[in-house]
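Each reported figure results from applying straightforward, stated rules to the coordinates on display, with no laboratory input. This structure is a prediction, so every number in the text was calculated from the model and none was measured. Cβ coordinates were reconstructed from backbone atoms using ideal geometry, including for glycine residues, and neighbour counts include every protein chain displayed.
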Amino acid sequence: MRPEKQFLVEEVSNHLSKSDYVFLTNFNRVTVEETAQLRGELAKHEAEFHVVKNSILNVAAKQRELPDFSEEVLSGPTAIVVGGPNPSEVAKVLQKFFKDKEKNEVKQGVLDAKTLSPDEVEALSKLPSLDALRGQLLGLLSEPATGMVRVLIAGPQSLLNVLQAKADKGDA
């Protein structure tokens, strides 16, 4: 492989190593201003948008032992989105951007070495945020303890109610 191509493969491979996911998008018809806007939104989630050559991406993906991308996915202009700790939030940004601009789409995704179809990427984008999921988990974990405290309190509370009722009868 020529040194120039080897450099490009290494560069794309470095991008792919930044996270455990990658989203492949079609950036056809996206203007420079819109690309800058998308990059800004992705940067808020520590993610990056890179335009890549399909053949270079294919070689780099094989080196990183990612699932093979089909010829259909690697046809036409391709950009990758990588980085950031929360793939769900990044998928939300992409879906919102493409819906708002009425342009393009996610071609495919890879999450933890599993291939995601465009529909699966859309489903990922609809998941609650990581903070919301943590809150739900905390609620689930604290619910049994709360229930147990209520049961423990109910016994003495019932006894107090009975004693209070007897005291009220005795006073009358």
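Observations
- Lys103 paired with Glu71, simple spin-label distance in nm, labels 7 Å along Cα-to-beta-carbon: 2.9
- Positive-pole candidate from Ala154, Phe69, Ile80, dipole of the chain, charges at beta carbon: Ala154
- Estimated from the Cβ-Cβ distance and a Förster radius of 41 angstrom, the FRET efficiency linking Thr31 and Ala145 is about 0.15.
- Sum of -39500 (n - 2.57) over DSSP H runs of 4+, divided by residues of the chain (222 nm, nearest 500): -19500 deg cm²/dmol
- Charge tally for Ile56 (other residues, Cβ to Cβ under 9 Å; Lys, Arg +1; Asp, Glu -1): +1.
- Difference of contour (0.36 nm per residue) and Cα-Cα distance, Gln136 to Leu159: 4.8 nm
- In order through segment 84-89: 3J(HN,Hα) via Karplus (6.51 cos²θ - 1.76 cosθ + 1.60), integer Hz, x for Gly, Pro: x, x, 10, x, 5, 5
- Loop GluC sites (Glu not before Pro), segment 4-66, which have at most 15 other Cβ atoms in a 10 Å radius of their Cβ (DSSP): Glu46, Glu65
- Given charges at beta-carbon only (K, R positive; D, E negative), |dipole| of segment 1-109 in Debye: 120
- Computed from backbone phi, the HN-Hα couplings of segment 22-34 come to 8, 10, 9, 10, 8, 10, 4, 6, 8, 6, 4, 5, 5 Hz, rounded to whole numbers (Karplus: 6.51 cos²θ - 1.76 cosθ + 1.60, θ = phi - 60°; Gly and Pro given as x).
- Close amide H pairs (under 5 Å, H built 1.01 Å from N) link Gln108 with Leu24, residues at least 5 positions away or on another chain.
- Near the amide H of Ser19, within less than 5 Å, lie the amide hydrogens of Gly83, all on another chain or at least 5 residues away, with H placed in the peptide plane.
- Approximate spin-label separation Lys114-Glu4, in nm, with each point projected 7 Å along Cα-to-Cβ: 4.1
- Under Karplus coefficients 6.51, -1.76 and 1.60, residue-wise ³J(HN,Hα) of segment 92-98 in Hz, glycine/proline x: 4, 4, 4, 4, 5, 4, 5
- Computed Kirkwood radius, in angstrom, where 1/r is averaged over Cα pairs of the chain: 19.3
- The modelled label-to-label distance for the pair Glu11/Gln63, using points 7 Å beyond Cα in the direction of Cβ, is 1.2 nm.
- Farthest toward the positive end of the dipole of segment 26-172, out of Ala91, Ser142, Ala36, is the Cα of Ser142, where the dipole comes from beta carbon charges about the Cα centre.
- Most to least packed among 108-114, 75-81, 131-137, 89-95 [average Cβ atoms within 10 Å]: 89-95, 75-81, 108-114, 131-137
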